[in-house]
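Worksheet: the structure to be examined is printed underneath.
The values are calculated or read from the model by the stated rules, or taken from the named source; none is laboratory data. Keep in mind that this is a model prediction, so the values were computed, not measured. Every residue, glycine among them, receives a Cβ derived from its backbone with ideal geometry; neighbour counts consider all protein chains shown.
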């Protein structure tokens, strides 16, 4: 089975307690690992305001997986996410390098303004 | 007949603006980098066209892909563009 690199975002409802949220995140992690994929990195993004309301909810807990999987696994995840009422949003995309993607994201979390200040300086100049 | 011939624009003395994204040394435009994307999105959430944003063809293509991904992951709004994060946790608990 050939595995490709994917980056998966889960947005969990904030009305859940921390344990319940962790549980539903673990459920999806298990779905990947049980089907033969493996989650290389994991990164919580925490509570964020959604850009638009989903199911009348304004806030969500973002959680990212950087995983090796294949199309079948991802399709299954997507289906499960639709059925699951605790998951507000599911988004996945392929990445070329998992470790780079993970490190970039950690850097972004550390300093979210870094790139934008660089560009706005260039725009102003 | 009847068609007006377009004059080629006077490009003498006009300096080309460098592409802001390439100029600042950013290789990848990540869709999670909302702070960066919001610079190239209008208040209504539209992507600013290249003739105005002044980006290179490559950067603009990366940017549009990133904006579309961000919209799909609820990081950018389809109709309101960038929605700022509010720090007060109380407000959120009510929703």
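Report whether or not residue A:19 is surrounded by fewer than 20 Cβ atoms within 10 Å (Cβ to Cβ) and assigned to a helix (DSSP H, G or I). Judged against the criteria, residue A:19 is a match.
Listed here are the residues, each with its yes/no results for (1) within 17 Å of residue B:74 (Cβ to Cβ); (2) away from every other protein chain (no Cβ under 11 Å).
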residue	(1), (2)
A:32	no, yes
A:50	yes, no
A:60	yes, no
A:68	no, yes
A:89	yes, no
A:112	yes, no
A:115	no, no
A:120	no, no
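Only one of the numbered conditions (1) at pLDDT below 90; (2) under 17 Å from residue B:73 (Cα atoms); (3) touching a strand residue (DSSP E or B) at 6+ places or on another chain (Cβ under 7 Å) is violated by residue A:108, and that is (3). In region A:77-98, the residues that are free of Cβ contacts under 8 Å to residues at least 24 places away in the same chain form Cβ pairs under 7 Å with partners that are crowded, with 16+ Cβ neighbours inside 10 Å, at six or more places apart or across chains, as follows: A:78/A:90.
Listed by position, the helices (runs of 4 or more DSSP H) contained in chain B that have at least 2 residues being within 13 Å of chain A (Cβ to nearest Cβ), loosely packed, with under 13 Cβ neighbours inside 10 Å and modelled with pLDDT under 90 are B:89-94.
Among the residues of region A:93-105, those that are part of a helix (DSSP H, G or I) and either within 7 Å of chain B (Cβ to nearest Cβ) or closer than 20 Å to residue B:67 by Cα (or both) comprise A:101, A:102, A:104, A:105.
Which condition number in (1) away from every other protein chain (no Cβ under 12 Å); (2) part of a strand (DSSP E or B); (3) crowded, with 17+ Cβ neighbours inside 10 Å is the one that residue A:81 fails? For residue A:81, the exception is condition (2).
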